[in-house]
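The structure under discussion appears below in the form of structure tokens.
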Amino acid sequence: TFYELCTDLGWAINGRYYDKAEECLTRLQATAMQFSSGRIGRLESVSLIHRFRVLDRGEKTSRCQVEIDEEMVVLL
């Protein structure tokens, strides 16, 4: 839940920080790790977050679901 996420990060529990958490998830989704090999002429790029969704947005029961790409799980 956003409550748990904010608590884990030491943030206040309010709408401002729930919005900040959404913004952070959006940035993580837009951020990618790139791997290149000059020897074989290849570049691979993997997003840190494959997909996320917010359920019951704007409600006290709101929660987020985050999908991490399988390749990222193996790498980390």
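The values are calculated or read from the model by the stated rules, or taken from the named source; none is laboratory data. Computed from a predicted model, the values in this text were never measured in an experiment. Glycine also receives a Cβ, built like all others from the backbone with ideal geometry; neighbour counts cover every protein chain displayed.
Would it be correct to say that THR61 is part of a helix (DSSP H, G or I), exposed (fewer than 14 other Cβ atoms within 10 Å of the Cβ) and out of contact with any Asp or Glu (no Cβ under 9 Å at 6 or more places or on another chain)?
no
Under 9 Å by Cβ, and 6 or more places apart or on different chains, what pairs join a residue from the stretch 33-45 that is among the aromatic types (Phe, Trp, Tyr) with one that is part of a loop (DSSP other than H, G, I, E, B)?
Filtered contacts from the stretch 33-45: no entries.
Any residue in the stretch 56-67 that is touching a residue at least 12 places away in the same chain (Cβ under 8 Å) and touching a His at 6+ places or on another chain (Cβ under 8 Å)?
Yes, the stretch 56-67 contains at least one residue that is touching a residue at least 12 places away in the same chain (Cβ under 8 Å) and touching a His at 6+ places or on another chain (Cβ under 8 Å).
Across the stretch 34-58, which residue is nearest to the chain's Cα centre (by Cα) among those that are among the small types (Gly, Ala, Ser) and not in a strand (DSSP E or B)?
GLY58
Being in contact with a helix residue (DSSP H, G or I) (Cβ under 8 Å, 6 or more places away or on another chain) and either modelled with pLDDT under 90 or farther than 11 Å from ASP69 by Cα (or both) is the filter here, so list the residues in the stretch 37-51 that pass it.
VAL46, SER47, LEU48
State all residues of the stretch 4-33 that are small (Gly, Ala, Ser) and in a strand (DSSP E or B); if no residue qualifies, say none.
Hit for the stretch 4-33 is ALA32, nothing else.
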